[in-house]
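Below is one structure; the comments refer to it alone.
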Amino acid sequence: MNGSTETGGTPATDQAPPTDQAPPTEHQILAEIAGLLAVVLDEYGLDEGEVTMDARFAEDLGLESIDLVTLAGHLQERWGERINFAEWLAGMELDEIIGLTVGRLVAHVADRLQTAGRS
Amino acid sequence: MAFLDLGALRFHVQRLGPADGGPPAATAVLLHGLLTDSLASYYFTLAPALAAAGVEVLMYDQRGHGRSGRPPGGYRLERFVDDAEELLERLAPDRPVHLVGNSFGGTVAFALAARRPERITGILAIESEPASPAWAVKLDGILRQAETGLADEPTLAWVAARRGAHTARLARSAGRLLAGTTLARDIPASRLPTEAQLRRIGCPVLAVYGTESDLAAQAAWLESLLPDCRSTFVPGQEHSVLIEAPDTVLALTLAWLREHGAELRGPAARGDLERSLR
(Lines give C-alpha, C1' and ligand atoms only; values in the text may rest on other atoms or scores of the structure.)
Protein backbone atom coordinates (compact mmCIF):
# COMPACT_ATOMS: atom_id res chain seq x y z
CA MET A 1 0.00 0.00 0.00
CA ASN A 2 1.20 3.46 -0.89
CA GLY A 3 1.39 5.41 2.32
CA SER A 4 1.61 8.89 0.81
CA THR A 5 -0.51 10.90 -1.59
CA GLU A 6 -1.79 9.19 -4.67
CA THR A 7 -3.68 12.10 -6.10
CA GLY A 8 -0.51 13.86 -7.31
CA GLY A 9 -1.40 17.12 -5.58
CA THR A 10 0.27 18.68 -2.62
CA PRO A 11 1.17 16.34 0.21
CA ALA A 12 -1.71 15.82 2.58
CA THR A 13 -1.52 17.35 6.00
CA ASP A 14 -3.86 17.22 8.96
CA GLN A 15 -5.24 20.55 7.78
CA ALA A 16 -6.11 19.28 4.31
CA PRO A 17 -9.83 19.72 3.76
CA PRO A 18 -11.72 16.54 2.91
CA THR A 19 -12.88 16.63 -0.68
CA ASP A 20 -16.03 15.08 -2.03
CA GLN A 21 -14.51 14.51 -5.45
CA ALA A 22 -11.39 12.46 -4.77
CA PRO A 23 -11.23 9.57 -2.28
CA PRO A 24 -9.37 10.62 0.88
CA THR A 25 -5.69 9.81 1.19
CA GLU A 26 -4.46 7.27 3.72
CA HIS A 27 -3.07 10.17 5.72
CA GLN A 28 -6.51 11.76 5.94
CA ILE A 29 -8.14 8.45 6.82
CA LEU A 30 -5.56 7.90 9.58
CA ALA A 31 -6.41 11.31 11.06
CA GLU A 32 -10.13 10.50 10.96
CA ILE A 33 -9.66 7.08 12.56
CA ALA A 34 -7.51 8.66 15.27
CA GLY A 35 -10.44 10.98 15.97
CA LEU A 36 -12.89 8.06 16.16
CA LEU A 37 -10.55 6.14 18.48
CA ALA A 38 -10.39 9.14 20.80
CA VAL A 39 -14.18 8.95 21.07
CA VAL A 40 -14.20 5.16 21.58
CA LEU A 41 -11.50 5.29 24.26
CA ASP A 42 -12.95 8.34 25.93
CA GLU A 43 -12.83 7.01 29.47
CA TYR A 44 -9.26 5.71 29.26
CA GLY A 45 -7.81 8.56 27.22
CA LEU A 46 -5.32 8.32 24.41
CA ASP A 47 -1.86 9.88 24.27
CA GLU A 48 -1.07 12.49 21.64
CA GLY A 49 0.52 10.91 18.58
CA GLU A 50 -0.17 7.38 19.84
CA VAL A 51 -2.31 6.43 16.87
CA THR A 52 0.25 5.58 14.19
CA MET A 53 -0.02 3.21 11.24
CA ASP A 54 1.99 0.62 13.19
CA ALA A 55 -0.06 0.83 16.40
CA ARG A 56 -1.95 -2.36 17.25
CA PHE A 57 -5.52 -1.87 18.47
CA ALA A 58 -5.36 -4.31 21.36
CA GLU A 59 -1.71 -4.44 22.40
CA ASP A 60 -0.70 -0.80 21.89
CA LEU A 61 -3.92 1.22 22.12
CA GLY A 62 -5.63 -0.85 24.80
CA LEU A 63 -8.85 -1.65 22.94
CA GLU A 64 -10.95 -4.54 24.18
CA SER A 65 -13.02 -6.51 21.71
CA ILE A 66 -16.17 -4.62 22.76
CA ASP A 67 -14.35 -1.36 21.87
CA LEU A 68 -13.85 -2.73 18.36
CA VAL A 69 -17.65 -3.20 18.13
CA THR A 70 -18.07 0.46 19.06
CA LEU A 71 -15.42 1.45 16.51
CA ALA A 72 -17.30 -0.56 13.87
CA GLY A 73 -20.41 1.54 14.57
CA HIS A 74 -18.47 4.78 14.22
CA LEU A 75 -16.82 3.63 10.98
CA GLN A 76 -20.22 2.85 9.51
CA GLU A 77 -21.63 6.19 10.64
CA ARG A 78 -18.71 7.96 9.00
CA TRP A 79 -18.44 6.04 5.73
CA GLY A 80 -21.73 4.18 5.47
CA GLU A 81 -22.36 0.69 4.18
CA ARG A 82 -19.13 0.76 2.17
CA ILE A 83 -17.26 -0.20 5.34
CA ASN A 84 -18.41 -3.47 6.90
CA PHE A 85 -15.89 -3.83 9.71
CA ALA A 86 -17.61 -6.85 11.28
CA GLU A 87 -17.62 -8.79 8.04
CA TRP A 88 -13.99 -7.88 7.37
CA LEU A 89 -12.88 -8.99 10.82
CA ALA A 90 -15.01 -12.14 10.73
CA GLY A 91 -12.74 -13.43 7.98
CA MET A 92 -9.74 -13.30 10.32
CA GLU A 93 -8.37 -15.59 12.99
CA LEU A 94 -8.60 -14.35 16.58
CA ASP A 95 -4.82 -13.83 16.82
CA GLU A 96 -4.98 -11.76 13.66
CA ILE A 97 -7.73 -9.55 15.09
CA ILE A 98 -5.80 -9.05 18.32
CA GLY A 99 -2.65 -8.13 16.37
CA LEU A 100 -4.51 -5.89 13.91
CA THR A 101 -2.77 -2.57 13.23
CA VAL A 102 -4.33 0.81 12.55
CA GLY A 103 -2.48 0.77 9.22
CA ARG A 104 -4.34 -2.32 8.02
CA LEU A 105 -7.67 -0.69 8.80
CA VAL A 106 -6.59 2.51 7.06
CA ALA A 107 -5.56 0.53 3.97
CA HIS A 108 -8.85 -1.37 4.03
CA VAL A 109 -10.90 1.82 4.29
CA ALA A 110 -8.87 3.49 1.52
CA ASP A 111 -9.35 0.45 -0.69
CA ARG A 112 -13.11 0.30 -0.11
CA LEU A 113 -13.58 4.03 -0.67
CA GLN A 114 -11.62 3.92 -3.92
CA THR A 115 -13.59 0.91 -5.15
CA ALA A 116 -16.83 2.64 -4.22
CA GLY A 117 -15.66 5.83 -5.95
CA ARG A 118 -15.13 3.97 -9.21
CA SER A 119 -18.44 2.20 -9.23
CA MET B 1 -24.20 1.84 18.56
CA ALA B 2 -27.74 1.17 19.71
CA PHE B 3 -28.97 1.47 23.26
CA LEU B 4 -32.26 0.32 24.71
CA ASP B 5 -33.49 1.34 28.14
CA LEU B 6 -35.23 -1.28 30.24
CA GLY B 7 -36.37 0.48 33.36
CA ALA B 8 -33.35 2.24 34.82
CA LEU B 9 -30.83 0.07 33.00
CA ARG B 10 -29.40 0.85 29.57
CA PHE B 11 -28.61 -2.09 27.28
CA HIS B 12 -26.15 -2.11 24.40
CA VAL B 13 -27.92 -3.92 21.56
CA GLN B 14 -26.70 -4.87 18.10
CA ARG B 15 -28.88 -6.15 15.29
CA LEU B 16 -27.34 -7.59 12.13
CA GLY B 17 -28.94 -8.83 8.94
CA PRO B 18 -30.45 -10.29 6.97
CA ALA B 19 -27.54 -9.05 4.86
CA ASP B 20 -29.58 -9.06 1.62
CA GLY B 21 -32.37 -6.98 3.16
CA GLY B 22 -34.93 -9.73 2.53
CA PRO B 23 -37.31 -11.26 5.07
CA PRO B 24 -35.49 -13.14 7.88
CA ALA B 25 -35.10 -16.90 7.38
CA ALA B 26 -34.98 -17.09 11.17
CA THR B 27 -34.31 -14.86 14.17
CA ALA B 28 -31.42 -15.79 16.45
CA VAL B 29 -30.71 -14.20 19.81
CA LEU B 30 -27.09 -14.63 20.89
CA LEU B 31 -26.35 -14.65 24.63
CA HIS B 32 -22.79 -14.21 25.90
CA GLY B 33 -21.10 -15.51 29.05
CA LEU B 34 -19.99 -14.05 32.38
CA LEU B 35 -17.17 -11.70 33.38
CA THR B 36 -14.77 -11.44 30.42
CA ASP B 37 -17.46 -11.93 27.79
CA SER B 38 -19.55 -9.48 25.77
CA LEU B 39 -21.51 -9.42 22.53
CA ALA B 40 -18.16 -8.88 20.79
CA SER B 41 -17.58 -12.64 21.07
CA TYR B 42 -20.42 -13.09 18.57
CA TYR B 43 -20.09 -9.86 16.62
CA PHE B 44 -16.76 -10.97 15.21
CA THR B 45 -17.51 -14.69 14.90
CA LEU B 46 -20.99 -16.09 14.17
CA ALA B 47 -23.02 -12.93 13.60
CA PRO B 48 -21.84 -11.68 10.17
CA ALA B 49 -22.06 -15.15 8.59
CA LEU B 50 -25.52 -15.77 10.07
CA ALA B 51 -26.64 -12.39 8.72
CA ALA B 52 -25.23 -13.32 5.30
CA ALA B 53 -27.29 -16.53 5.44
CA GLY B 54 -30.49 -14.47 5.80
CA VAL B 55 -30.79 -14.72 9.58
CA GLU B 56 -31.83 -11.76 11.71
CA VAL B 57 -29.21 -11.66 14.49
CA LEU B 58 -29.94 -9.97 17.80
CA MET B 59 -27.13 -9.48 20.33
CA TYR B 60 -26.90 -7.52 23.55
CA ASP B 61 -24.44 -7.00 26.37
CA GLN B 62 -25.82 -8.61 29.52
CA ARG B 63 -26.19 -6.43 32.63
CA GLY B 64 -22.82 -5.34 34.03
CA HIS B 65 -20.99 -6.44 30.87
CA GLY B 66 -19.62 -4.75 27.74
CA ARG B 67 -21.27 -1.39 27.11
CA SER B 68 -24.48 -2.08 28.99
CA GLY B 69 -25.25 -0.53 32.35
CA ARG B 70 -23.58 -1.86 35.49
CA PRO B 71 -25.85 -1.57 38.53
CA PRO B 72 -24.12 -2.26 41.88
CA GLY B 73 -26.52 -5.14 42.64
CA GLY B 74 -29.12 -7.36 41.00
CA TYR B 75 -27.11 -10.16 39.44
CA ARG B 76 -29.09 -13.27 40.31
CA LEU B 77 -29.83 -15.48 37.29
CA GLU B 78 -33.51 -14.53 37.31
CA ARG B 79 -32.59 -10.88 36.68
CA PHE B 80 -30.60 -11.86 33.58
CA VAL B 81 -33.61 -13.92 32.45
CA ASP B 82 -35.94 -10.94 33.06
CA ASP B 83 -33.66 -8.88 30.81
CA ALA B 84 -33.72 -11.50 28.05
CA GLU B 85 -37.49 -11.87 28.26
CA GLU B 86 -38.09 -8.13 28.10
CA LEU B 87 -35.59 -7.58 25.28
CA LEU B 88 -37.37 -10.32 23.31
CA GLU B 89 -40.68 -8.51 23.80
CA ARG B 90 -39.13 -5.29 22.56
CA LEU B 91 -37.00 -6.59 19.67
CA ALA B 92 -38.90 -9.61 18.37
CA PRO B 93 -42.41 -9.45 19.85
CA ASP B 94 -44.18 -11.27 17.03
CA ARG B 95 -41.90 -14.18 16.21
CA PRO B 96 -40.39 -17.15 18.04
CA VAL B 97 -36.59 -17.11 18.18
CA HIS B 98 -33.64 -19.45 18.28
CA LEU B 99 -31.37 -18.92 21.27
CA VAL B 100 -27.61 -19.37 21.06
CA GLY B 101 -25.94 -19.29 24.46
CA ASN B 102 -22.26 -19.44 25.29
CA SER B 103 -21.41 -20.71 28.80
CA PHE B 104 -23.55 -18.63 31.23
CA GLY B 105 -25.45 -17.32 28.19
CA GLY B 106 -26.73 -20.87 27.71
CA THR B 107 -27.75 -21.02 31.37
CA VAL B 108 -29.86 -17.90 30.74
CA ALA B 109 -31.25 -19.52 27.56
CA PHE B 110 -32.34 -22.69 29.40
CA ALA B 111 -34.00 -20.66 32.17
CA LEU B 112 -35.78 -18.43 29.64
CA ALA B 113 -37.02 -21.45 27.66
CA ALA B 114 -38.33 -23.04 30.87
CA ARG B 115 -40.19 -19.80 31.66
CA ARG B 116 -41.48 -19.00 28.13
CA PRO B 117 -41.37 -22.24 26.10
CA GLU B 118 -43.76 -20.86 23.46
CA ARG B 119 -41.30 -18.09 22.53
CA ILE B 120 -38.34 -20.35 21.79
CA THR B 121 -37.87 -22.44 18.64
CA GLY B 122 -34.63 -24.05 19.71
CA ILE B 123 -31.49 -23.69 21.81
CA LEU B 124 -27.89 -24.09 20.76
CA ALA B 125 -25.94 -24.26 24.01
CA ILE B 126 -22.17 -23.90 23.72
CA GLU B 127 -20.23 -25.24 26.73
CA SER B 128 -23.20 -24.59 28.91
CA GLU B 129 -25.56 -26.12 31.45
CA PRO B 130 -28.89 -25.27 33.04
CA ALA B 131 -28.71 -23.82 36.55
CA SER B 132 -28.88 -26.49 39.29
CA PRO B 133 -27.72 -26.79 42.90
CA ALA B 134 -24.43 -28.27 41.62
CA TRP B 135 -24.07 -25.36 39.19
CA ALA B 136 -24.59 -22.83 42.01
CA VAL B 137 -21.86 -24.48 44.12
CA LYS B 138 -19.45 -24.61 41.19
CA LEU B 139 -20.07 -20.97 40.20
CA ASP B 140 -19.60 -19.90 43.81
CA GLY B 141 -16.13 -21.49 43.80
CA ILE B 142 -15.18 -20.02 40.42
CA LEU B 143 -16.38 -16.52 41.33
CA ARG B 144 -14.64 -16.52 44.73
CA GLN B 145 -11.42 -17.57 43.08
CA ALA B 146 -11.84 -14.93 40.37
CA GLU B 147 -12.56 -12.24 42.94
CA THR B 148 -9.24 -12.86 44.69
CA GLY B 149 -7.20 -13.63 41.59
CA LEU B 150 -8.37 -10.74 39.46
CA ALA B 151 -7.61 -8.21 42.19
CA ASP B 152 -4.09 -9.56 42.55
CA GLU B 153 -1.35 -7.80 40.53
CA PRO B 154 1.03 -10.81 40.40
CA THR B 155 -1.81 -12.97 39.07
CA LEU B 156 -2.63 -10.38 36.43
CA ALA B 157 1.05 -10.16 35.47
CA TRP B 158 1.10 -13.95 35.15
CA VAL B 159 -1.96 -13.82 32.91
CA ALA B 160 -0.31 -11.14 30.77
CA ALA B 161 2.87 -13.21 30.42
CA ARG B 162 1.11 -16.46 29.66
CA ARG B 163 -1.93 -15.35 27.67
CA GLY B 164 -1.00 -11.91 26.32
CA ALA B 165 -1.92 -8.33 27.07
CA HIS B 166 -5.42 -8.54 25.62
CA THR B 167 -6.46 -11.41 27.89
CA ALA B 168 -4.90 -9.57 30.82
CA ARG B 169 -6.95 -6.51 29.97
CA LEU B 170 -10.14 -8.59 29.85
CA ALA B 171 -9.19 -10.11 33.21
CA ARG B 172 -8.62 -6.65 34.69
CA SER B 173 -12.00 -5.51 33.40
CA ALA B 174 -13.66 -8.62 34.89
CA GLY B 175 -11.93 -7.76 38.18
CA ARG B 176 -13.57 -4.32 38.10
CA LEU B 177 -16.98 -5.94 37.52
CA LEU B 178 -16.49 -8.23 40.54
CA ALA B 179 -15.10 -5.47 42.75
CA GLY B 180 -17.83 -2.98 41.86
CA THR B 181 -20.90 -5.19 42.10
CA THR B 182 -22.49 -8.00 44.12
CA LEU B 183 -22.31 -10.38 41.14
CA ALA B 184 -20.08 -12.94 42.88
CA ARG B 185 -22.54 -13.18 45.82
CA ASP B 186 -25.68 -12.99 43.68
CA ILE B 187 -25.06 -15.73 41.09
CA PRO B 188 -24.80 -18.57 43.67
CA ALA B 189 -27.93 -17.21 45.41
CA SER B 190 -29.99 -17.38 42.19
CA ARG B 191 -33.47 -18.87 42.16
CA LEU B 192 -32.85 -22.22 40.46
CA PRO B 193 -35.23 -23.81 37.96
CA THR B 194 -36.43 -27.20 39.20
CA GLU B 195 -35.81 -30.34 37.17
CA ALA B 196 -39.56 -30.49 36.52
CA GLN B 197 -39.40 -26.97 35.04
CA LEU B 198 -36.39 -27.86 32.91
CA ARG B 199 -38.17 -30.95 31.58
CA ARG B 200 -40.77 -28.61 30.11
CA ILE B 201 -38.17 -27.28 27.65
CA GLY B 202 -39.69 -29.12 24.71
CA CYS B 203 -37.80 -27.34 21.93
CA PRO B 204 -34.85 -29.03 20.25
CA VAL B 205 -31.54 -28.43 22.02
CA LEU B 206 -28.07 -28.93 20.56
CA ALA B 207 -25.42 -29.02 23.29
CA VAL B 208 -21.90 -28.31 22.03
CA TYR B 209 -18.90 -29.29 24.16
CA GLY B 210 -15.14 -29.30 23.79
CA THR B 211 -13.83 -32.83 24.25
CA GLU B 212 -11.24 -31.53 26.74
CA SER B 213 -13.78 -29.60 28.84
CA ASP B 214 -15.00 -30.73 32.27
CA LEU B 215 -18.54 -29.94 31.14
CA ALA B 216 -18.51 -32.68 28.49
CA ALA B 217 -19.12 -35.22 31.27
CA GLN B 218 -22.62 -33.82 31.85
CA ALA B 219 -23.78 -34.51 28.28
CA ALA B 220 -25.59 -37.77 29.12
CA TRP B 221 -27.34 -36.20 32.14
CA LEU B 222 -28.61 -33.27 30.08
CA GLU B 223 -29.81 -35.56 27.28
CA SER B 224 -31.76 -37.63 29.81
CA LEU B 225 -33.22 -34.53 31.47
CA LEU B 226 -34.45 -32.65 28.39
CA PRO B 227 -37.11 -34.10 26.06
CA ASP B 228 -35.23 -33.25 22.85
CA CYS B 229 -31.49 -32.79 23.40
CA ARG B 230 -28.54 -33.95 21.32
CA SER B 231 -24.85 -33.48 22.09
CA THR B 232 -21.90 -32.82 19.84
CA PHE B 233 -18.22 -32.68 20.78
CA VAL B 234 -15.52 -30.50 19.21
CA PRO B 235 -12.20 -32.37 19.28
CA GLY B 236 -9.27 -30.88 21.17
CA GLN B 237 -11.25 -27.93 22.55
CA GLU B 238 -11.71 -26.82 26.14
CA HIS B 239 -14.29 -24.31 27.45
CA SER B 240 -13.57 -21.53 24.90
CA VAL B 241 -14.96 -23.41 21.88
CA LEU B 242 -16.74 -20.35 20.44
CA ILE B 243 -13.59 -18.22 20.45
CA GLU B 244 -11.06 -20.94 19.61
CA ALA B 245 -13.09 -22.81 16.96
CA PRO B 246 -15.53 -20.22 15.54
CA ASP B 247 -15.71 -21.86 12.09
CA THR B 248 -16.79 -25.18 13.58
CA VAL B 249 -19.41 -23.51 15.78
CA LEU B 250 -20.67 -21.53 12.77
CA ALA B 251 -21.01 -24.68 10.66
CA LEU B 252 -22.88 -26.40 13.50
CA THR B 253 -25.18 -23.41 13.92
CA LEU B 254 -26.02 -23.15 10.21
CA ALA B 255 -26.70 -26.89 9.92
CA TRP B 256 -28.84 -26.79 13.05
CA LEU B 257 -30.91 -23.80 11.88
CA ARG B 258 -31.47 -25.54 8.54
CA GLU B 259 -32.45 -28.76 10.29
CA HIS B 260 -35.12 -26.83 12.16
CA GLY B 261 -36.75 -25.26 9.17
CA ALA B 262 -34.76 -22.10 8.40
CA GLU B 263 -34.41 -21.61 4.65
CA LEU B 264 -30.95 -20.12 4.61
CA ARG B 265 -29.69 -18.01 1.72
CA GLY B 266 -26.36 -16.82 0.33
CA PRO B 267 -23.23 -18.98 0.53
CA ALA B 268 -24.76 -21.03 3.37
CA ALA B 269 -27.83 -22.03 1.34
CA ARG B 270 -26.52 -25.34 0.07
CA GLY B 271 -24.31 -26.25 2.99
CA ASP B 272 -21.09 -25.54 1.01
CA LEU B 273 -19.66 -23.69 3.98
CA GLU B 274 -20.11 -26.66 6.28
CA ARG B 275 -18.67 -29.10 3.76
CA SER B 276 -15.64 -26.93 3.11
CA LEU B 277 -14.82 -27.02 6.80
CA ARG B 278 -14.86 -30.77 7.17
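A few notes on this one:
- Condition met for B:S190 (of a type in the set (S, T, N, Q) and at pLDDT below 90): no
- Region B:116-160 - residue that is assigned to a helix (DSSP H, G or I) and of a type in the set (S, T, Y) and, of those, farthest from the chain's Cα centre (by Cα): B:T155
- Screening B:A168 against (1) surrounded by fewer than 18 Cβ atoms within 10 Å (Cβ to Cβ); (2) farther than 21 Å from B:L112 by Cα leaves a single unmet condition, (1).
- Checked against (1) in contact (Cβ under 8 Å) with a residue 24 or more places away in the chain; (2) within 21 Å of B:I142 (Cα to Cα); (3) in contact with a Gly (Cβ under 8 Å, 6 or more places away or on another chain), B:R169 meets all criteria but (1).
- Consider region A:50-106 and keep the residues that are touching a strand residue (DSSP E or B) at 6+ places or on another chain (Cβ under 8 Å) and charged (D, E, K, R). The one that is farthest from the other protein chains (Cβ to nearest Cβ) is A:D54.
- Of the residues making up region B:36-56, just one is of a type in the set (D, E, K, R) and assigned to a strand (DSSP E or B), namely B:E56.
- Here B:D83 qualifies as acidic (D, E), more than 11 Å from chain A (Cβ to nearest Cβ) and farther than 24 Å from B:T248 by Cβ.
- Verdict on B:S231 being assigned by TED's automatic domain parsing to the domain that holds B:G22, surrounded by fewer than 15 Cβ atoms within 10 Å (Cβ to Cβ), free of Cβ contacts under 8 Å to residues at least 40 places away in the same chain and within 29 Å of B:P193 (Cβ to Cβ): no
- Residue that is of a type in the set (G, A, S) and either away from chain A (no Cβ under 14 Å) or in contact with a Pro (Cβ under 6 Å, 6 or more places away or on another chain) (or both), where the choices are B:S103, B:S38, B:S68: B:S103
- Selection status of B:L99, under 18 Å from B:A40 (Cα atoms), touching a helix residue (DSSP H, G or I) at 6+ places or on another chain (Cβ under 9 Å) and among the hydrophobic types (A, V, I, L, M, F, W, C): yes
- Of the criteria (1) within 14 Å of another protein chain (Cβ to nearest Cβ); (2) not in a helix (DSSP H, G or I), which one B:E238 fails: (1)
- Helices (runs of 4 or more DSSP H) wholly inside region A:17-117 containing at least 1 residues that are at pLDDT below 85, closer than 18 Å to B:Q14 by Cβ and β-branched (V, I, T): A:94-98
- Of all residues in region B:97-114, those satisfying the criterion of being in contact (Cβ under 8 Å) with a residue 60 or more places away in the chain and outside any strand (DSSP E or B) are B:S103, B:F104, B:G105, B:G106, B:V108, B:A109, B:F110, B:A111, B:A113, B:A114.
- Out of B:A151, B:A125, B:A157, B:A165, sole residue that is within 14 Å of chain A (Cβ to nearest Cβ) and under 25 Å from A:I66 (Cα atoms): B:A165
- Whichever residue in region B:109-120 is surrounded by fewer than 20 Cβ atoms within 10 Å (Cβ to Cβ) and not basic (K, R) and, among such residues, is nearest to B:V81 (Cα to Cα): B:P117
- Residues in region B:1-35 that are in a loop (DSSP other than H, G, I, E, B) and at the interface with chain A (Cβ under 9 Å from one of its Cβ atoms): B:M1, B:A19.
- Enumeration of residues in region B:172-212 that are within 14 Å of chain A (Cβ to nearest Cβ) and either free of Cβ contacts under 8 Å to residues at least 12 places away in the same chain or among the basic types (K, R) (or both): B:R172, B:R176
- Every pair of residues 6+ apart whose Cβ atoms lie under 7 Å, when the first sits in region B:249-265 and is over 12 Å from B:V208 (Cα atoms) and touching a residue at least 12 places away in the same chain (Cβ under 8 Å) while the second is part of a helix (DSSP H, G or I) and of a type in the set (K, R): B:L264/B:R258
Residues checked against (1) in the same structural domain as B:S41 (by TED's automatic domain parsing); (2) at pLDDT 95 or above; (3) within 23 Å of B:R258 (Cα to Cα); (4) small (G, A, S):
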residue	(1), (2), (3), (4)
B:A165	no, no, no, yes
B:L170	no, no, no, no
B:A174	no, no, no, yes
B:T181	no, yes, no, no
B:V205	yes, yes, yes, no
B:Y209	yes, yes, yes, no
B:A217	yes, no, no, yes
B:Q237	yes, no, no, no
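The values are calculated or read from the model by the stated rules, or taken from the named source; none is laboratory data. Note that the structure is a prediction, hence the values are computed from the model and not measured. Counting neighbours? That spans all protein chains shown, and the Cβs are built from the backbone with ideal geometry, glycine included.
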